[in-house]
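Peer 1: Sharing a structure here in structure tokens format.
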Amino acid sequence: MFGKHAAYIIPSYTLTVLVIAGLLLWILATYRKRKNEIAALEAKGIKRGAGGEQ
Amino acid sequence: MNDVATQKTGFWTWLTGLANPTRFMGLADRWIPWLAAITTALLALGLWMSFNAPEDYQQGATVLIMFIHVPTVWLAMFCYLVMSISALGTLVWRHPLSDVALRAAAPIGAAFTLLGLITGSLWGKPMWGAWWVWDARLTSFLVLLIIYLGIISLGRALEEPTQAAKALAITTLVGFINLPIIKFSVDWFETLHQPASVSRLAKPAMDVAFLYPLLTMALAFSFLFATLHLMNMRNEILRRRIRSLKLRAAAGER
């Protein structure tokens, strides 16, 4: 499809997709993990103070 | 005049209101699906335009690599600019969200820089006959990746939040010197890399058949950055909440 340059074009797009997908999945997995961790801490009766501090 | 003052006050109130993490999280939860949808639509359009662009008379089909190489490089540098403004926010205005924005942007910037290096290498081999040359543009861009990795490592190494925020802000601002070096390296030094062909004061040195897909892809990558950044800022706020809850639990046990 890309002639003699296919060996450069296909890896460029494939690696871009892989790196961005990896970044997205890492961010989503971290979000889920931290949400679960907060839920587990709150289930033990540990609550945040008033004012929603960080 | 009064309207302008009211608008300024309104914006400042909105910005300071975001210092409340709960308010910011609510805003992020509302914005992320919209940003993701716009990113997907723009990426689809940009890819369609890229794959329908004609082959370049000199570069042939490798011009397709430009449509991802140039946006990743732009975003790698834009991300560092965002981090530098955030660093000023930490040191000058002491806005609590500044440090969150800085930390959340670093891994995204590192990923874009890595992609810029990989796609540049894959474009360089058929065009220059070399995967890599130690010239000013390529080397300064490699330095950008090392700076990103340094900032990520520093953030993980320092436990105390206020000290960490200041150290990260100062390190980021010191590293900012690399951005003009990357940008102007092609003008200041002898290099294989071509000079600027889009961001020129005169007319861009590129045919519209390539310019429009490139600008669409750049816009798509900008929205991609905004989406990922907001998502990762949300993660950083959650990390701080967990730390706060654990400290509270530890204090209760005493």
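The values are calculated or read from the model by the stated rules, or taken from the named source; none is laboratory data. This one's a predicted model, so the numbers in the text were calculated from it and none came from an experiment. Cβ coordinates were reconstructed from backbone atoms using ideal geometry, including for glycine residues, and neighbour counts include every protein chain displayed.
Peer 1: Check B:ILE151 against each of (1) within 13 Å of chain A (Cβ to nearest Cβ); (2) closer than 19 Å to B:PRO180 by Cβ and name the one condition it does not meet.
Peer 2: Looking at each condition in turn, B:ILE151 falls short on (1).
Peer 1: Next up: In region B:213-244, what residues are in contact with a Lys or Arg (Cβ under 6 Å, 6 or more places away or on another chain) and more than 9 Å from chain A (Cβ to nearest Cβ)?
Peer 2: B:GLU236
Peer 1: To continue, here is another question. Can you go through B:ALA165, B:ALA169 and tell me which one is under 13 Å from B:TYR80 (Cα atoms), out of contact with any His (no Cβ under 6 Å at 6 or more places or on another chain), at pLDDT 90 or above and of a type in the set (Gly, Ala, Ser)?
Peer 2: None of the other options fit; the residue is B:ALA169.
Peer 1: Hey, another quick one. Restricting attention to region B:52-71, which residues are assigned to a helix (DSSP H, G or I), more than 16 Å from B:HIS193 (Cβ to Cβ) and either facing chain A (nearest Cβ under 7 Å) or over 28 Å from the mean Cα position of the chain (by Cα) (or both)?
Peer 2: Hits for region B:52-71 are B:LEU64, B:ILE68.
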